[in-house]
Amino acid sequence: MNVSREAVGKILVVGGGRMGSAILNGWLDQGFVPSNIYLIDRDANTLKQYETQGVHTFTAVEDVPKNLVFDIFLLALKPQIIAASVEQFDHLISPKTCLVSVAAGVMVNTLKQLLPSAKNVVRVMPNTPAMIGKGVMVGFSYEQDMFGELVESLFATLGSFHWIIDENQMHAVTAVSGSGPAYLFYFAQCFVESAKKLGLPEALAETLALETVIGAANLIEQSDDDVETLRHNVTSPNGTTQAGLAALMEGNTVKSRVEACCLAAAKRSLELS
Ligand SMILES: NC(=O)c1ccc[n+]([C@@H]2O[C@H](COP(=O)([O-])OP(=O)(O)OC[C@H]3O[C@@H](n4cnc5c(N)ncnc54)[C@H](OP(=O)(O)O)[C@@H]3O)[C@@H](O)[C@H]2O)c1
């Protein structure tokens, strides 16, 4: 199903922070009608930037007109805040509303307990490249037949979309694609710092390191080879790349740190559930 931007209906976004904004910006860039979007956030500055684009904005739930029926309720609050205060939004959910939660760790059954009016719940784990149409989104729902196609078509405008059929896999998904951009930003930061330490001027160090990361990512996307083959292809025996990789791979420490990183994120997702 390819839902037209106008046919999506009314979308309520609760929480215009990093993830709520990433999704909202992505939808606006993709031509979603701003007057069909309603945003609740506590920060007046955040709201102002969307208000000027034609989005309906509210600092408090009491200000949202009572007669509105939302097709999509996008919950983009921090998991801790959801547990403590989400019930105030329950009256904004009608039987025809699909609740879409992007919160890490918060399970469907917990959401249904906290928001008893929500009969249709879809969890989506996005990541921040969604704001430039390059996100990876993973969905889970017990009622996928009802709203699955609508939710998939909404989020597929922001990148690629994949379903899982076991909610427990959401912890691993969160650890890999949800939190993943931050790991790669950290790698890129270390790479820039190393380039500077080698004596390159700051601006050049940044350009060379970051454009290499971007170029390599594009090559992964466009090549038919897997990442291991791509690495072998640029590693001549006894060359500079081999010398660098030998140092990077010594003792398998990078591999075990990456494993520890993903494991810790998945464990935290489980703790939040
Ligand atoms: N960031 C990511 O990369 C990422 C990736 C995947 C999933 N997620 C999920 O996305 C959700 C949001 O994360 P985030 O990083 O976007 O958090 P965030 O930046 O803190 O955004 C939450 C926003 O909601 C606002 N808010 C808090 N309580 C509110 C209330 N009662 N009414 C209205 N607005 C309220 C916050 O305002 P204040 O700042 O004033 O508290 C903030 O602007 C989380 O559940 C997270 O698990 C995030």
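Filter segment 234-247 down to the residues that are touching a helix residue (DSSP H, G or I) at 6+ places or on another chain (Cβ under 8 Å) and surrounded by 11 or more Cβ atoms within 10 Å (Cβ to Cβ), then identify the one that is nearest to A83 (Cα to Cα).
Selected residue: L245.
If we keep just the residues of segment 11-35 that are touching a Ser or Thr at 6+ places or on another chain (Cβ under 6 Å) and more than 6 Å from the ligand (Cβ to nearest atom), which is farthest from L154 (Cα to Cα)? Explain how you work it out, then say what you get.
Here is the first cut: in segment 11-35, the residues touching a Ser or Thr at 6+ places or on another chain (Cβ under 6 Å) are 16, 22, 30.
This time we only want the ones that are more than 6 Å from the ligand (Cβ to nearest atom), so: 22, 30.
On the way: A22: 14, Q30: 10 Å.
Selected residue: A22.
Among the residues of segment 50-87, write down those that are closer than 28 Å to E152 by Cβ and open to solvent by 60 Å² or more (accessible area, probe 1.4 Å).
Residues satisfying the conditions are Q53, H56, V69, K78, I81, A83.
Pull up segment 101-124, narrow it to residues that are open to solvent by less than 10 Å² (accessible area, probe 1.4 Å) and under 13 Å from the mean Cα position of the chain (by Cα), then point me to the one that is farthest from the ligand (Cβ to nearest atom).
Result: R123.
If I ask for residues that are within 13 Å of the ligand (Cβ to nearest atom) and farther than 22 Å from N127 by Cβ, which ones from segment 91-100 would you list?
Taking segment 91-100 and keeping what is within 13 Å of the ligand (Cβ to nearest atom), we get 92, 100.
Of everything in segment 91-100, just one residue is within 13 Å of the ligand (Cβ to nearest atom) and farther than 22 Å from N127 by Cβ, namely L92.
For L200, are the conditions met, namely being part of a loop (DSSP other than H, G, I, E, B), surrounded by 13 or more Cβ atoms within 10 Å (Cβ to Cβ) and either touching a His at 6+ places or on another chain (Cβ under 7 Å) or in the same structural domain as K255 (by TED's automatic domain parsing) (or both)? I'd like the intermediate steps shown before the answer.
Working: part of a loop (DSSP other than H, G, I, E, B): yes; surrounded by 13 or more Cβ atoms within 10 Å (Cβ to Cβ): yes; either touching a His at 6+ places or on another chain (Cβ under 7 Å) or in the same structural domain as K255 (by TED's automatic domain parsing) (or both): yes.
So L200 passes the test.
State which residue pairs qualify: first residue within 18 Å of L74 (Cα to Cα) and within 10 Å of the ligand (Cβ to nearest atom) and inside segment 40-56, second residue among the charged types (D, E, K, R) and part of a loop (DSSP other than H, G, I, E, B) in any location, beta carbons under 8 Å apart, and separation of 6 or more residues or different chains.
L47/D41
Being among the β-branched types (V, I, T) and near the ligand (Cβ under 8 Å from one of its atoms) is the filter here, so list the residues in segment 60-85 that pass it. Talk me through it step by step, then tell me what you get.
Applying the first criterion (among the β-branched types (V, I, T)) to segment 60-85 yields 61, 64, 69, 72, 81-82.
Once the filter is applied, which keeps residues that are among the β-branched types (V, I, T) and near the ligand (Cβ under 8 Å from one of its atoms), segment 60-85 yields V61, I81, I82.
Give, as residue ranges, the helices (runs of 4 or more DSSP H) completely inside segment 65-184 that count at least 2 residues that are in contact with a strand residue (DSSP E or B) (Cβ under 9 Å, 6 or more places away or on another chain) and closer than 25 Å to N218 by Cα. Spell out how you get there, then give the answer.
Details: elements: 79-85, 108-114, 144-156, 169-173.
Output list reads 144-156.
The values are calculated or read from the model by the stated rules, or taken from the named source; none is laboratory data. Just so we're clear, the structure is a prediction, and the values are computed from it rather than from any experiment. When we count neighbours, we look across all protein chains shown, and the Cβ atoms used for this are built from the backbone with ideal geometry, even at glycine. Note: accessible area is taken over every heavy atom of the protein model, side chains too, but ligands, DNA and RNA are not part of it. Shrake-Rupley method; radii C 1.70, N 1.55, O 1.52, S 1.80 Å.
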